[in-house]
Amino acid sequence: MAKQEKTNSTASERPMPVHPDPNKETILLRYPEDGSVKAVSNLIQDNKGNQEIVTTDPTTKNQPAFYQKRDSLFIANFFKNMRAQMQDPAKMPELYIVSFDKVGAVAADLRKLHEDPKNEVLLETAKKYRTYTQNLEKIIFDECRMPKAELAAAGFDVKQMEQDGIFKEMELGKEPQKLYPLKSKLNEQIQMDGLYAIKAVKNEYNEIGFELQSPLAIPEFEQDATLSIELSAEDKKALAAGKTLERPIRHDGEYCVAGFNRTTNRMTFIPCREIQAPEYVFNARMSEEQQEEYKRGRKVHLDNCHYYGNDNTFSCDVQYDTHTRDYRTTGHHYQRPYVPDYLARQLDDTRMRMLLAYEPISGKGLTDRNGMPLKRDICIDRNTNGVTYVSLRRMEQEKAQAQAQSQQQAGKQAAGAPVQSENDMHVDNDIPEQSQSRGHRR
């Protein structure tokens, strides 16, 4: 059913706080047809699926009427249903999540974008605040509903946690990767010190709370009697390496995708029923059968993937990852040599031509996707057509060694000595990455 929209005319009559709360967020809607921008005041959905959006002008005086974003999943489902009911999805408004104190400025920039669609400053603003239903679906614990005051009262440094960004990670249900100190007194003579990992949890009433976990001295899969029997040696090795198991494990009466948190030495169990499989990965559609396999932790192979605006297709394996609570892709095989954008921007024409010709180049002066200097050299792997790390110095050493062995064999042949087979040759195992560098040659 088509959505209904109306403007709240009584917002300016409500009492107004002196300063808009920067810790509260609302939704701005931008309509692509005319570039108009509205602030959401309420989202109404009845039992029959009828939907209504109440809006108001995005001005400071109307902030008492702004809708506060508190349940991301509800918002995602609301707008997904709205899109499904629209006869013309092109008229679907764009969604922007903005803090109360920035509503006026962001709305002004979004309006200007209609008249000046190539303005880089306006485009940067739109990119910063734009969101999509698939992003909202990933939020499990909304930060605005977390009882941070309880952590502060217990003695934790909440400001430091905010600077570390752990609440943003908690929103997505990610496993804690840092321990925080807590000091407490039982009495005047006894004081307890401890390090704890902090997880967001929900109770039966959908209220958000926190769970404190102290790290175990021995991995949980070695201590737990059931796990020690159920998990094979290969399973334990994969968990210790930070991988998600490729088969479901029964835990607390239901099947779960299992992983391991090396910070706490504890297992991670995500019920299969809670996992949402992506419909598309790198613009390749995942079938219903593949989605079911994905939700059970298994790897799914996809062909004909491609990045937006790039026709270099590739295949990859997709698997749910317990650490990121999202999909992880591995085993990329490209149709032709592929150089990631972050590297391509750093290369001159000469080095780019060398890479595309499968020749190794020095990593000196180059940075990775996170801006960190490369510590090794790079080339394109002939088997995958993707960039991989190598060592030019070691490759030169291998080449010189091969030439010396070839000359030595030629001398033995001339003297009538038996020729040494490849399987009998000595391999210097002290040279790291030797097998990798060999893999780049035909």
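Using a 7 Å offset from the Cα along the Cα-to-Cβ direction at both D21 and D101, what is the distance between the two label points in nm, to one decimal?
1.4
Is the stretch 124-276 rounded, prolate or oblate when judged by the Cα gyration tensor, a ≥ b ≥ c being the square roots of its eigenvalues, rounded requiring a/c under 1.5 and prolate requiring a/b larger than b/c?
oblate
Which percent of the accessible heavy-atom area of the stretch 164-226 goes to carbon and sulfur, probe 1.4 angstrom?
Solvent-exposed carbon and sulfur of the stretch 164-226 make up 50 percent of the total.
About its Cα centre, how strong a charge dipole does the chain have in debye, to the nearest 20, once Lys and Arg get +1 and Asp and Glu get -1 at the Cβ?
680
Under a point spin-label approximation (7 Å from Cα along Cα-to-Cβ), what is the A90-E188 distance to one decimal in nm?
7.9
How much accessible surface area, in Å² rounded to 10, belongs to the heavy atoms of C144 with a 1.4 Å probe?
50
Could you sort the peptides 120-132, 259-271 by per-residue average Cβ neighbour count (10 Å cutoff), highest mean leading?
Ranking the peptides 120-132, 259-271 by packing returns 259-271, 120-132.
Starting from the stretch 15-97, pick out the GluC sites (Glu not before Pro) whose DSSP state is loop and whose Cβ has at most 15 other Cβ atoms within 10 Å.
Answer by residue number: E33.
Could you work out how much longer the chain between E120 and E207 gets when fully extended? Use 0.36 nm per residue separation minus the Cα distance between them, nm to one decimal.
27.2 nm
On full extension of the chain, what length is gained from E137 through D164, given 0.36 nm per residue of separation minus the C-alpha to C-alpha distance?
7.4 nm
For the chain, treating each Cα as an identical point scatterer without solvent, what Debye log10 I(q)/I(0) comes out at q = 0.07, 0.10 1/Å?
-0.54, -1.01
As an exercise, identify the GluC sites (Glu not before Pro) in the stretch 213-304 lying in DSSP coil whose Cβ has no more than 12 other Cβ atoms within 10 Å.
Hits after loop and neighbour filter: E279.
Computed FRET efficiency, Cβ-Cβ of S228 and Y307, R0 56 Å: what is it to the nearest 0.05?
0.85
Kindly work out what percent of the DSSP beta bridges joining two residues of the stretch 177-325 are antiparallel, to the nearest 5.
Counting DSSP beta bridges with both partners in the stretch 177-325, the antiparallel share is about 100 percent.
In debye to the nearest 20, how big a dipole does the stretch 58-205 give about its Cα centre with +1 on each Lys and Arg Cβ and -1 on each Asp and Glu Cβ?
Around 280 debye, computed over the stretch 58-205.
Please work out how much length the chain gains when fully extended from Q403 to D46, using 0.36 nm per residue of separation minus the C-alpha to C-alpha distance, in nm with one decimal.
120.7 nm
Can you give the accessible area of H19 in Å² (nearest 10), computed on protein heavy atoms with a 1.4 Å probe?
Per-residue accessible area (H19): approximately 140 Å².
Which of the aspartates and glutamates could a cross-linker bridge to K243, judged by Cα under 16 Å and excluding same-chain residues fewer than eight apart?
Of all the aspartates and glutamates, those that pass the test against K243 - Cα under 16 Å, at least 8 places apart if same chain - are E175, E220, E234, D235, D317, D321, D326.
Each residue of the stretch 110-122 in order: what ³J(HN,Hα) in whole Hz does its phi give by Karplus 6.51 cos²θ - 1.76 cosθ + 1.60, θ = phi - 60°, with x for Gly and Pro?
Karplus values, whole Hz, x for Gly and Pro: 5, 5, 5, 4, 5, 8, 10, x, 9, 5, 5, 5, 5.
Cα centroids of the stretch 116-157 and the stretch 253-303: how far apart, whole angstrom?
Their Cα centres are 24 Å away from one another.
Could you calculate the FRET efficiency of R285 with E254 from 1/(1 + (r/R0)^6), where r is the beta carbon distance between them and R0 is 30 Å, rounded to 0.05?
The pair R285/E254 has a calculated efficiency of 0.55.
If I build a Gaussian network model for the chain, linking alpha-carbon pairs within less than 10 angstrom, which residue out of D193, D164, D317 has the largest mean-square fluctuation?
D193
Compute the distance in nm between two label points, each set 7 Å from the Cα along the Cα-to-Cβ direction, one at K364 and one at A108.
If labels sit at K364 and A108, their model points lie 5.1 nm apart.
How large is the accessible surface of R382 in square angstrom, using a 1.4 angstrom probe and rounding to the nearest 10?
Counting only protein heavy atoms, the figure is 80 Å².
The values are calculated or read from the model by the stated rules, or taken from the named source; none is laboratory data. In this text, all values refer to a predicted model and were calculated from it rather than measured experimentally. Using ideal geometry, Cβ is built from the backbone for each residue, glycine included, and neighbour counts are taken over all protein chains shown. What goes into the accessible areas is simple: the full protein's heavy atoms, side chains included, and nothing from ligands, DNA or RNA. Shrake-Rupley method; radii C 1.70, N 1.55, O 1.52, S 1.80 Å.
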